[in-house]
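Here the structure comes first, spelled out in structure tokens, and everything after it is commentary.
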Amino acid sequence: MKHIRIISPSGIIDPIYIDQAAARLRSWGYETSEGTHARDKWGRFAGTDAERVQDIIVALEDPAVDFILCSRGGYGLQRIIDRVPTITKPIIGFSDITALHNKAAICGAPSLHSIMCKHIATLPEDSEPIVMLKKALAGEPLEYTIPAHPLNRLGETTAPIIGGNLSVLQGLEGTFYGYSFAIKQMVNRYLRDIEADEFANPILLIEDIGERHYHIDRMMRHLQMEGALINLSGLIVGQFSDCEDDPGMNETVYETIKEAVAQYDYPVIFNAPFGHVEHNLPLWLSRPTQMIVSSEGAVLRI
């Protein structure tokens, strides 16, 4: 029986969501446990920095644990990511958990960009995020068909996906925990392993919530000027929830993102079902993914 450990490495969570999510996971045939500090409160954080790091380390070192489910995002991982050891097992979550996904990519470990305890607890059993999460945890292939969007850029590639929340990504970029550093580590692993598959620059996933339009422009321009948008095989633009278009910007939020990558030629998907919405589908990161963007729509196969 596979074992899922629930931890809270970022913000505080209503304990009822831990209880209900754990009950649902057990109904699927998984054993569950939780970190010592998963229900703690220390200001806006689920425990002190040291306590949250301890729960991560214990989960990583416990040989009985197969998956590590982060109870929620919020904020907190940027304070402690430099104390997280080598990641060797799948991390599940999104939003602030993007920091752990980057760390996992650097360590060469796949991780799952996915709903967390609240939505595991509350979404209907037949909802697509729940159905696809069950498939992902069971090791079954995932395939998504995404409707065409007028801003899409056509093309095809096969590469691992990295990324997640744009604000977290931009805050970590230029450090040893950013996705550009993760790309360098991927290249180094390929160069060291003569039996590795041919290396492909990764596909970047971005999404966000509650950001002002000009903040998104500032983050995209920073990534562009730093060269962080060059070495990619593709871009998946997920949901930018509660990010209202600013008329003063003379374009929509999605158009701002399109402009930031206009000089590159890799395929781009807009309005993908990943981010701060109930219909947030699971995506394996750091695993080969086929991405096809045509005039009829887009397909992702993992």
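Values quoted throughout were computed directly from the atomic coordinates according to the rules given, and no laboratory measurement underlies them. Just so we're clear, the structure is a prediction, and the values are computed from it rather than from any experiment. Cβ: placed from backbone, ideal geometry, glycine included. Neighbour counts: every protein chain shown.
The 3J(HN,Hα) values that the Karplus relation (6.51, -1.76, 1.60; θ = phi - 60°) gives for segment 152-166 are, in residue order, 4, 10, 6, x, 9, 7, 10, 6, x, 9, 10, x, x, 6, 4 Hz. Gly and Pro appear as x.
This ranking places H222, H113 by how few other beta-carbon atoms lie within 10 Å of each, fewest first, which gives H222, H113. From the alpha carbon centroid of segment 46-72 to that of segment 274-302 is 28 Å. So how much slack lies between N250 and D14, counting 0.36 nm per residue of separation and subtracting their Cα-Cα distance, in nm? Full extension of this stretch gives 80.9 nm more.
Charging the Cβ of each Asp and Glu at -1 and of each Lys and Arg at +1, and nothing else, the dipole of the chain about its Cα centre rounds to 700 debye. Ordering V65, V187 by the number of other Cβ atoms within 10 Å of each residue's own Cβ, fewest first, gives V187, V65.
Pairs over the 27 Å Cα-Cα cut-off, from the set K41/K103; K89/K258; K2/K103; K103/K134: K89/K258. Here's the picture: charge each Lys and Arg Cβ at +1 and each Asp and Glu Cβ at -1 in the chain, and of H3, L205, I183 the one pushed furthest to the positive end of that dipole is H3. On the beta carbon distance between E125 and T145, with R0 = 25 Å, the FRET formula returns roughly 0.70. In segment 96-181, Cα pairs under 8 Å separated by at least six residues give a relative contact order of 42 percent. Between T175 and I230, the contour length at 0.36 nm per residue exceeds the alpha carbon distance by 18.1 nm. Normalised by the number of residues in segment 207-248, the mean separation of alpha-carbon contacts (under 8 Å, six or more apart) gives a relative contact order of 72 percent. Bridge orientation summary for the chain: considering DSSP beta bridges with both residues in this region, about 45 percent are antiparallel.
Name the helices (complete DSSP H segments) of the chain with a Cα length along the long axis of 15 Å or more and a Kyte-Doolittle mean of at least 0.0, or state none.
Answer set is 49-61.
Sorted ascending by nearby beta carbons within 10 Å, beginning with the fewest, S95, S180 become S180, S95.
Per-residue 3J(HN,Hα) values for segment 89-96, derived from phi via the Karplus relation 6.51 cos²θ - 1.76 cosθ + 1.60 with θ = phi - 60°, read 9, x, 8, 10, x, 7, 6, 4 Hz in sequence order (x marks Gly and Pro). DSSP bridge analysis restricted to segment 143-301 gives an antiparallel fraction near 55%, rounded to the nearest 5.
Calculated FRET efficiency, D265 to S27, Cβ-Cβ distance, R0 = 51 Å: about 0.65 to the nearest 0.05. Secondary structure note: in segment 3-137, about 15% of the DSSP beta bridges are antiparallel.
Per residue, the Cα convex hull of segment 173-302 amounts to 129 Å³.
Using C-alpha pairs below 8 Å separated by at least 6 residues, the relative contact order for segment 3-137 is 27 percent. Backbone N atoms of segment 260-296 closer than 15 Å to the 7 Å Cα→Cβ label point of L154 belong to residues 266-269, 292-296.
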